Amino acid sequence: MSLINPIYYKKEGINQINSFIKKYNPSKIIFLVDENTHQYCLPKVIPEIEANSEIEIIEIESGEINKNLDTCKNLWEALTDLKIDRKGLIINLGGGVLTDMGGFVAHCYKRGIKFINIPTTLLAMVDASIGGKTGVDLGSHKNQVGIFVLPELVYIQPSFISTLSHEQKLSGFAEIIKHGLIADQEYWNKVSSYKVIPFNDFEEIEELIHTSIEIKKKVVSEDFSESGIRKILNFGHTIGHAVESFFLEKETPILHGEGVALGMIVESYISVKKGLLQESDYLSIKEFLSVFYPKILLHKEYLGEILTFMYNDKKNSNKEIKFVLLEKIGKAIFDVSVEEDLIKEALLKYIN
């Protein structure tokens, strides 16, 4: 098997789905949707599907708060009630929560049935649906339970972005920014030149999506199971996930991209303090992100709980908190141990 998803765009994506269905001849096709994609996206996809198989639709509630084992259990029971056998095909139509969980559910059900991802958010298109990571949260700890498994294919339809709120678009754009910072200075230069993010310019957005996917594909193809270089894709996420988990536990969740934007600012500062990144580059990163992402209201009293979440980060080893840091814009290094005092200093810098 290839170490990266087969990825197809626009009309070619539908053609490839229909070609796969014809060849595989699934016993049933199950569309997994949430209330938003059921209303706005499914009506655009269903008429394009050419299949003799019976089609079932399963709807779950959207939101990170529902990305858990309880929802998985309900889905496995629903698949069982529908008498889905190992020849069934699940098509995950949704954002990162849905594609993460849908792939996990498919691979565990009856020891694995085939699935396809149709990401409908910018975040899922450039990140979550690409590269084979699936899983769910354990309590407030993000993505603690999961597996690496590839879908049969991924279908990218950029027009689905028009169904999103501005905040959801911004959430996905944080991952585009990250790709430039860790791997491509020219890409960063282009992205950071925007005075207004071109969400309404489909040609420009398609180009950004394609470039980000190619960056992620290259990294994943070198290290599918995240034992080395793939870890650089977690820049901004050690801090970002911990802050996200903190607010999820408080039942005031923030969007993933908001946490990552905060994380990239704080981790860029840590990179400076570690003698890696030029301070002028940190200031450029901070200033650009601060234009588009609202400051998240943290307080000094939160730091202990946020650090506790960091100690449960999957990238850690030997009881040390491991970070991805920037040597320069366009080049990241991974597995850097950072002491608690510096983490607290960097977070306080953000707070103040």
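The values are calculated or read from the model by the stated rules, or taken from the named source; none is laboratory data. In this text, all values refer to a predicted model and were calculated from it rather than measured experimentally. Neighbour counts are summed over all protein chains in view; Cβ atoms, including those assigned to glycine, are modelled from backbone coordinates with ideal geometry. Remember, those area values only see protein heavy atoms, side chains included, never the ligands or the DNA or RNA. Shrake-Rupley method; radii C 1.70, N 1.55, O 1.52, S 1.80 Å.
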> Using mean Cβ contacts within 10 Å as the protection proxy, how do 168-180, 316-328 order, highest first?
Replying inline: 168-180, 316-328
> Given a Förster radius of 25 Å and the C-beta distance between Glu279 and Lys190 as r, what FRET efficiency does 1/(1 + (r/R0)^6) yield to the nearest 0.05?
Replying inline: 0.65
>> Give me, ordered by chain and number, the residues 5 or more places off Gly94 or on other chains with an amide H under 5 Å from its own placed amide H.
In response: Ile118, Thr120
> Helix 256-273: angle to the longest alpha-carbon principal axis of the chain, degrees 0 to 90, nearest 10?
Replying inline: 30 degrees
> Tally Lys and Arg at +1 and Asp and Glu at -1 over the other residues with C-beta under 12 Å from the C-beta of Tyr194: what net charge comes out?
Replying inline: 0
> If each of Ile46 and Asn74 carries a label point 7 Å out from its Cα toward its Cβ, how far apart are those two points in nm?
Replying inline: 2.1 nm
> How long is the gain from Asp85 to Glu327 if the chain were fully straight, where each residue apart is worth 0.36 nm and the alpha carbon distance is subtracted?
Replying inline: 82.1 nm
> Leaving out ligands, DNA and RNA, what percent of the accessible area of the chain is carbon and sulfur, probe 1.4 Å?
Replying inline: 48 percent
> Contour minus end-to-end for Ile55 and Cys108, with contour as 0.36 nm per residue of separation and end-to-end as the Cα-Cα distance?
Replying inline: 17.0 nm
> Going by a ≥ b ≥ c, the root eigenvalues of the Cα gyration tensor, does the stretch 285-352 fall in the rounded group (a/c under 1.5), the prolate group (a/b larger than b/c) or the oblate group?
Replying inline: oblate
> Long-range amide H contacts for Ile7: which residues qualify at under 5 Å (H placed 1.01 Å from N, peptide plane, sequence gap of 5 or more or a different chain)?
Replying inline: Val154
>> With angles folded into 0 to 90 degrees, how steeply does helix 10-24 sit against the dominant principal axis of the chain? Use alpha carbons for both and round to 10.
In response: 50 degrees
> Which cross-chain or sequence-distant (5 or more) residues have an amide H under 5 Å from the amide H of Asp184, H modelled 1.01 Å from N in plane?
Replying inline: Gly330
> If you count, for each residue, the other Cβ atoms within 10 Å and average over each peptide, how do 227-234, 15-22 line up from highest to lowest?
Replying inline: 227-234, 15-22
> Under 14 Å from the Cα of Lys110, which aspartates and glutamates turn up, not counting those fewer than eight places away in the same chain?
Replying inline: Glu77, Asp81, Asp85
> Ordered by packing density, taken as the mean number of other Cβ atoms within 10 Å over each peptide's residues, highest first, how do 258-268, 115-125, 149-159 rank?
Replying inline: 115-125, 258-268, 149-159
> Using alpha-carbon positions, what is the distance between the centroids of the stretch 216-234 and the stretch 15-71, in Å?
Replying inline: 28 Å
>> Need the list of lysines near Lys273 for cross-linking: C-alpha distance under 19 angstrom, and skip anything on the same chain fewer than eight residues off.
In response: Lys286, Lys322, Lys328, Lys331, Lys344, Lys349
> Per residue, how much accessible area does the stretch 1-128 show when a 1.4 Å probe rolls over the protein heavy atoms, in square angstrom?
Replying inline: 46 Å²
> Per 10 Å bin, what is the whole-percent P(r) computed from every C-alpha pair distance within the chain?
Replying inline: 5, 26, 34, 23, 9, 2, 0
>> I'd like the Karplus ³J(HN,Hα) series for the stretch 28-34: coefficients 6.51, -1.76, 1.60, θ = phi - 60°, whole numbers in Hz, and an x wherever there's a Gly or Pro.
In response: 8, 10, 10, 8, 9, 9, 10
> Say each of Ile65 and Lys217 gets a label point 7 Å from the Cα, pointing the same way as Cα to Cβ; how far apart are those two points in nm?
Replying inline: 3.8 nm
>> Can you give me the distance in nm between label points at Glu305 and Asn18, each placed 7 Å from the Cα along the Cα-to-Cβ direction?
In response: 5.2 nm
>> Are there any trypsin sites (Lys or Arg not before Pro) in the stretch 64-104 that are in a DSSP loop and have at most 10 other Cβ atoms within 10 Å? List them by number.
In response: Lys83
>> Just to confirm the filter: which trypsin sites (Lys or Arg not before Pro) across the stretch 263-305 are DSSP coil and have at most 13 other Cβ within 10 angstrom of their Cβ?
In response: Lys295
> Which whole-angstrom value gives the distance between the alpha carbon centres of the stretch 90-161 and the stretch 167-208?
Replying inline: 22 Å
>> Residues of the stretch 98-139 with backbone nitrogen within less than 20 Å of a virtual label 7 Å along the Cα-to-Cβ line of Glu249, please, listed as ranges.
In response: 136-139
>> Using each residue's phi in the stretch 172-187, evaluate 6.51 cos²θ - 1.76 cosθ + 1.60 at θ = phi - 60° and report the 3J(HN,Hα) Karplus result to the nearest Hz, with x for Gly and Pro.
In response: x, 5, 4, 6, 5, 4, 4, 4, x, 5, 8, 9, 7, 5, 4, 5
> Hey, got a sec? Which GluC sites (Glu not before Pro) in the stretch 30-61 land in a DSSP loop and have at most 16 other Cβ atoms within 10 Å?
Replying inline: Glu50, Glu61
> For helix 96-108, what angle does its Cα long axis make with the longest principal axis of the chain, in degrees from 0 to 90 and rounded to 10?
Replying inline: 60 degrees
>> Compute, for the stretch 1-134, the length of the dipole vector about the Cα centre, with Cβ point charges of +1 (Lys, Arg) and -1 (Asp, Glu) only. Units Debye, rounded to 20.
In response: 660 debye
> Could you give the accessible area per residue of the stretch 224-352, probe 1.4 Å, as a whole number in Å²?
Replying inline: 44 Å²
